[in-house]
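Only one structure is covered here, and it is reproduced in the block below.
Rule-based calculations on the coordinates, nothing more; no lab input. Please read these numbers as outputs of a predicted model, since none were measured by experiment. Note that we place each Cβ from the backbone using ideal geometry, even for glycine, and neighbour counts take in every protein chain shown.
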Amino acid sequence: MVGLGIALLLAGVVLVIAEAHVTSAGALGALGTAAVVGGAILAIEGAGGGLILAIVLALVLGALLGGVLLAAGLKVARSKPSRPRSGREALIGCAGLARSPIAPEGQVLVEGALWRARRCFDDEALEPGDPVVVERVDGLTLTVRKAEPWEVV
């Protein structure tokens, strides 16, 4: 039993290390933690440490390892690239209002500024007052489409 416990401990460590290098949404980390807990129980109990002691120590070890993995996962989740806050790229996805008919070009008000705009799709008519969403920026011309009802704030 001790040999199996040590093998499970090693497999758990390998799975936890693999979690850092492979995108698995935490599956490898969870399996690794379970393998470490099971391996610790088998190794401690097999060495004569008693089942209660083995379970308590394994659960403490699993909680610590799970906490470290959870903290690392949260840190990675928070480090996603944020949307640009300035420059041309910041306008993409912004909502605005058509100020003149856009057929195929006109003017829109986006982020408090008046921009020259071009329709994204030729089949949609954009009239003054229609809500629009910026899809692309080409120099000083915005490519816009009509905003969906759920996009209008």
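Structural remarks
- Descending semi-axes in Å of the chain, equivalent ellipsoid built from Cα gyration tensor: 61, 12, 12
- Normalising the average separation of contacting C-alpha pairs (under 8 angstrom, six or more residues apart) by the number of residues puts the relative contact order of the chain at 15 percent.
- Descending semi-axes in whole angstrom, ellipsoid equivalent of the stretch 88-151, from the Cα gyration tensor: 15, 13, 11
- Each label point was placed 7 Å from the Cα along the Cα-to-Cβ direction; for T143 and L53 their separation is 7.0 nm.
- Cβ crowding within 10 Å averaged over residues, with 48-60, 136-148, 5-17, 31-43 ranked highest first: 31-43, 5-17, 136-148, 48-60
- Residue among W150, G129, A54 farthest towards the positive dipole end of the chain, charges placed on Cβ: A54
- Net charge dipole, the chain: roughly 460 debye, given to the nearest 20, about the Cα centre with Cβ charges of +1 for Lys and Arg and -1 for Asp and Glu.
- Between A7 and V76, the FRET efficiency from the beta-carbon distance, with R0 = 35 Å, is close to 0.75.
- A convex hull fitted to the Cα coordinates of the stretch 1-84 yields 65 cubic angstrom per residue.
- When the trypsin sites (Lys or Arg not before Pro) in the stretch 1-101 are filtered for DSSP coil states and for at most 12 other beta-carbon atoms within 10 Å of their beta-carbon, the remaining sites are R85.
- In the stretch 53-153, the GluC sites (Glu not before Pro) that fall in loop regions by DSSP, at most 15 other Cβ within 10 Å: E111, E124
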